[in-house]
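Data block below; observations after.
The values are calculated or read from the model by the stated rules, or taken from the named source; none is laboratory data. This is a predicted model, so every value here is computed, not measured. Neighbour counts are summed over all protein chains in view; Cβ atoms, including those assigned to glycine, are modelled from backbone coordinates with ideal geometry.
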Amino acid sequence: GAVVSQHPSWVICKSGTSVKIECRSLDFQATTMFWYRQFPKQSLMLMATSNEGSKATYEQGVEKDKFLINHASLTLSTLTVTSAHPEDSSFYICSARDTRLHQETQYFGPGTRLLVL
Amino acid sequence: DAKTTQPTSMDCAEGRAANLPCNHSTISGNEYVYWYRQIHSQGPQYIIHGLKNNETNEMASLIITEDRKSSTLILPHATLRDTAVYYCIFYLYNQGGKLIFGQGTELSVKP
């Protein structure tokens with residue numbers, strides 16, 4: 001399958017600072033990427049859909065001013081957690097939509113673990 | 001939202017086939033069923049998907065009932081590395097390819 005990377009794999013930051021997470025599709029172009037959040041022992045929760053060259057679409061209840069998404073190229077989307085607080089500590093996972101084949105598939109990155117102190 | 005129902009957990013003996021069921025009675029005619037799995041602390045891994053015909057790849061087989069209201073993922077010879085949470089999901093093409101994850105089935109493969 002296709003490869004999606006995330007950077008960093010883990011990050012620790014102080015409360016009030018901002019953290020940027022990168023998601024890259026390494027061997028295909030992705031006009032659409034998705035950002036998820038996962039708390040311990042819970043399932044993945046979709047946060048937003050990131051579209052190349054346009055504004056992201058956020059799921060209900062997700063603050064767009066707190067979770068800034070930029071999809072500046074066909075292989076890169078970034079998620080910035082602004083003014084992070086301890087309750088933002090979570091596992092953040094991105095996925096990229098691969099439409100090369102007749103049947104499209106989404107491939108996921110390895111995730112970024114964020115700890116806010 | 002499109003909804004699937006899976007057992008919370010299952011056990012399987014190493015080397016035996018693991019059969020993971022999924023109910024999706026609300027599936028519409030053009031919605032595909034996708035299966036992913038998530039090994040602890042990793043991102044989900046794509047396994048297989050199907051519409052109405054049975055599918056097989058190097059990882060698994062997918063059996064979809066004729067009425068498409070349920071399906072079964074089969075891992076033919078489970079290994080300890082197959083221990084993971086398995087998710088059965090509708091692929092929402094008309095919503096830009098969204099995947100809405102349920103709680104999944106926690107499969108434990110035991111020696």
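Among the numbered conditions (1) under 30 Å from B:T5 (Cβ atoms); (2) exposed (fewer than 15 other Cβ atoms within 10 Å of the Cβ); (3) in contact (Cβ under 8 Å) with a residue 12 or more places away in the chain, tell me where A:Q42 comes up short.
That leaves (3) as the condition not met.
Scan A:T99, A:T32, A:T78 and give me the residue that is polar (S, T, N, Q), under 21 Å from B:Q95 (Cβ atoms) and buried (at least 17 other Cβ atoms within 10 Å of the Cβ).
Going through A:T99, A:T32, A:T78 in turn, just one is polar (S, T, N, Q), under 21 Å from B:Q95 (Cβ atoms) and buried (at least 17 other Cβ atoms within 10 Å of the Cβ): A:T32.
For region B:1-20, give me the residue count where each residue is surrounded by fewer than 16 Cβ atoms within 10 Å (Cβ to Cβ) and at pLDDT below 95.
Qualifying residue count, region B:1-20: 3.
List the number of the failed condition for B:W35; all other conditions in (1) surrounded by 15 or more Cβ atoms within 10 Å (Cβ to Cβ); (2) without any contact (Cβ under 8 Å) to a residue 12 or more places away in the chain hold.
Against the list (1) surrounded by 15 or more Cβ atoms within 10 Å (Cβ to Cβ); (2) without any contact (Cβ under 8 Å) to a residue 12 or more places away in the chain, B:W35 comes up short only on (2).
So that you can scan it fast, the table gives a plain yes or no per residue for (1) closer than 13 Å to A:R24 by Cα; (2) out of contact with any Asp or Glu (no Cβ under 8 Å at 6 or more places or on another chain):
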residue	(1), (2)
A:E52	yes, yes
A:V62	no, yes
A:L68	no, yes
A:H71	yes, no
A:D88	no, yes
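Testing B:D11 on (1) within 13 Å of chain A (Cβ to nearest Cβ); (2) in a strand (DSSP E or B); (3) of a type in the set (D, E, K, R), one condition comes back false. Which one is that?
Result: B:D11 fails condition (1) only.
Any idea which residue in region A:5-21 is surrounded by the most Cβ atoms within 10 Å (Cβ to Cβ), counting only those that are within 14 Å of chain B (Cβ to nearest Cβ) and in contact with a Leu (Cβ under 7 Å, 6 or more places away or on another chain)?
A:I21
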